[in-house]
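Notes follow once the structure below has been shown.
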Amino acid sequence: MTASSKKIPRHVAIIMDGNGRWAKQRGKARLEGHRAGAESVRAIVRACGELGIEYLTLYAFSSENWNRPRAEVSALMHLLEFYLKQEIPELDKNNVRLAAIGRIHELPGSAQKQLAKSIEALSKNTGLTLVLALSYGGRAELVDATREIARMVKAGQIDIADIDDKLISQHLYTRGIPDPDLLVRTSGELRVSNFLLWQISYAEIYVTDVLWPDFRKPELVKACEAFGKRHRRFGLVNQEDK
Ligand code: FPP
């Protein structure tokens, strides 16, 4: 599969699951699984650029992940900060732009600072947009958008009748980013887990048993090939059934 393939998804969103199980299978600490998971992030970002995918959204830390043991949360935050700092040259070389979605203000101050620095450093790039979902929850996103819209109605800036799909989309964290075409979940769980609830309305779903630390370019290519064989109908009927 090459960048010129016709049915390459424009936007791939991934629920990166299975780091813990990967570590357990090897008798290692969970943190080792997350470290190996960060290697997969590196490989998949590069592969997306090579395949001509325009947007990659990664579920890196959910609103629910704050309830994990304190040491694991802290290790994940350190890993994120380390990745954001260390990867700038490689991301820059590969023309990657960076964005973040979620309640970013809930992250530790140092992680927020590094994130802002990395986003700024890569802001002029024009290739793949890497979107990190951090302290992200789909319901919280809808709550935040609803609050913003309600404020606008209250201030008399818009009418209730002005609220439509487009207006809601414009008030999500993902404003300006097209909806995902393909949602990938690793490690076999058949759940959406509060990820991009509004945006995945018409996404094709691909679930693999492969654990995230083992998900590298060949697995991404398989997911894209499966996507290429799907007939997307967006709620309409097949052409041949008309
Ligand atoms: C799920 O595995 C994974 C996470 C909760 C965090 C994802 C983090 C990374 C891939 C590493 C760092 C990220 C970046 C962007 C550098 P799990 O712990 O739920 O696995 P389990 O279900 O097998 O226990």
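Any read-out appearing in this document is the output of simple, stated calculations on the displayed coordinates, not a laboratory observation. These figures come from a predicted structure and were not determined experimentally. Don't worry about glycine lacking a Cβ; one is built from the backbone with ideal geometry, like all the others, and counts go over all protein chains shown.
Here are some notes:
- Complete set of residues in segment 114-135 that are small (G, A, S), out of contact with any helix residue (DSSP H, G or I) (no Cβ under 7 Å at 6 or more places or on another chain) and crowded, with 21+ Cβ neighbours inside 10 Å: A133
- So E64, is it within 11 Å of the ligand (Cβ to nearest atom), exposed (fewer than 15 other Cβ atoms within 10 Å of the Cβ) and within 28 Å of W198 (Cβ to Cβ): yes
- Test: residue in segment 192-202 that is hydrophobic (A, V, I, L, M, F, W, C), over 19 Å from R10 (Cβ atoms), over 15 Å from the mean Cα position of the chain (by Cα) and within 16 Å of the ligand (Cβ to nearest atom): no
- Filtered residue count, segment 86-104, keeping only those that are farther than 29 Å from V143 by Cβ and more than 11 Å from the ligand (Cβ to nearest atom): 9
- Here A36, A23, A75 are screened, and the one residue that is farther than 20 Å from A116 by Cβ, in contact with a Lys or Arg (Cβ under 7 Å, 6 or more places away or on another chain) and buried (at least 16 other Cβ atoms within 10 Å of the Cβ) is A23.
- Pairs are defined by a Cβ separation below 6 Å, a sequence spacing of at least 6 or placement on different chains, a first member in segment 23-51 that is free of Cβ contacts under 8 Å to residues at least 40 places away in the same chain and within 16 Å of F82 (Cβ to Cβ), and a second member that is within 11 Å of the ligand (Cβ to nearest atom) and assigned to a helix (DSSP H, G or I); the pairs so defined are E32/A23.
- Cβ pairs under 8 Å, 6+ apart, first in segment 72-84 and near the ligand (Cβ under 8 Å from one of its atoms), second among the β-branched types (V, I, T): Y83/V41
- Of all residues in segment 178-205 being in contact (Cβ under 8 Å) with a residue 60 or more places away in the chain and hydroxyl-bearing (S, T, Y), the one that is nearest to A226 (Cα to Cα): T186
- Screening S118 against (1) in contact with a strand residue (DSSP E or B) (Cβ under 6 Å, 6 or more places away or on another chain); (2) part of a loop (DSSP other than H, G, I, E, B) leaves a single unmet condition, (2).
- Among the residues of this structure, A111 counts as one that is buried (at least 16 other Cβ atoms within 10 Å of the Cβ) and free of Cβ contacts under 8 Å to residues at least 40 places away in the same chain.
- Every condition in (1) within 6 Å of the ligand (Cβ to nearest atom); (2) under 12 Å from the mean Cα position of the chain (by Cα); (3) in a helix (DSSP H, G or I) holds for G20 except the one numbered (2).
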